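The values are calculated or read from the model by the stated rules, or taken from the named source; none is laboratory data. What you see is a predicted model, and the numbers here were worked out from it, not measured in a lab. FYI the Cβ positions are ideal-geometry reconstructions off the backbone, even for glycines, and counts take in every protein chain you see. Note: areas computed on protein heavy atoms with side chains; ligands, DNA, RNA excluded. Shrake-Rupley method; radii C 1.70, N 1.55, O 1.52, S 1.80 Å.
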Amino acid sequence: MAKSQIPDALLVQMYVSGDEAALATLIKRHQARLYNFIYSKVGDRDLADDFFQDTFIKVVNTLKSGSFYNEKGKFLPWIMRIASNLIVDYFRKNKNIKMQRDTDEFSIFSIIKDSEPGIETVMISNQINFDLSKIIEELPEDQKQVLIMRYYNDMSFKEIAEITGTSLNTCLGRMRYAIQNLRKIIEKNQISLTA
Amino acid sequence: MAKLYSDRKLATKKLLPKKETIQFILQYSKALRVVKVGNLNFETIAN
């Protein structure tokens, strides 16, 4: 009789008596149903392969030690139960990941910090920049030009002097007057430019 | 008569374990030897 027609119970007996090919037949016969059963529970191919392998290792160990298996003709339900128990054990173990809750003494956020500025800081910063740009608009044109080139365009005084066609000292002087005038406007209008 | 627009359910492909997995189980089975001494089982795996 071809191996594919032999009932499970007989194949198990043949395997226990030393016929390794009987195990190959059993695996071939039930691999699809068992694998799909495992996959339906875990939803991951690699994990399903691991469980499939562990299930048959358990089957091999049990049959070779000649104990526990006495369910004649019920090979598939038996291996499915083994797989199911392995899956339940796995998820039970993985559920026990320690959870950290905040207490009065310790907060996890004292260790983990968010480096991004908060929405409040961003809004205040935008407001300051907006106020400052309005004050700068009040400055005389030559002073405003030097200040913008220096701070907003990040140019050196030498470059500013070359572009504006003035001496370095004139640029430095205009910058000094620009800063003094800004202070005056801020004090006069009692503007606060700090967060 | 109203038309039915529901899609025909696609047949799901049967999944099978990797060939390596089955090969490993068969090799493991060949290599494993269990010796019973009294109440004890001694397992040996041949390289």
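Quick notes on this structure:
- Condition met for A:Glu105 (of a type in the set (Asp, Glu) and at pLDDT below 85): yes
- In this structure, A:Ile135 qualifies as part of a helix (DSSP H, G or I) and either among the β-branched types (Val, Ile, Thr) or open to solvent by 100 Å² or more (accessible area, probe 1.4 Å) (or both).
- Helices (runs of 4 or more DSSP H) completely within segment A:138-194 that count 1 or more residues being closer than 28 Å to A:Ile124 by Cα and within 51 Å of the chain's Cα centre (by Cα): A:141-147, A:168-189
- One residue stands out in segment A:40-49 among those that are within 25 Å of the chain's Cα centre (by Cα) and modelled with pLDDT of 90 or more: the one that is surrounded by the fewest Cβ atoms within 10 Å (Cβ to Cβ), namely A:Asp46.
- Boolean, A:Ile6 is open to solvent by less than 40 Å² (accessible area, probe 1.4 Å) and modelled with pLDDT under 90: yes
- Among the residues making up segment A:57-68, those that are in contact with a helix residue (DSSP H, G or I) (Cβ under 9 Å, 6 or more places away or on another chain) and at pLDDT 65 or above are A:Ile57, A:Lys58, A:Val59, A:Val60, A:Thr62, A:Leu63, A:Lys64, A:Gly66.
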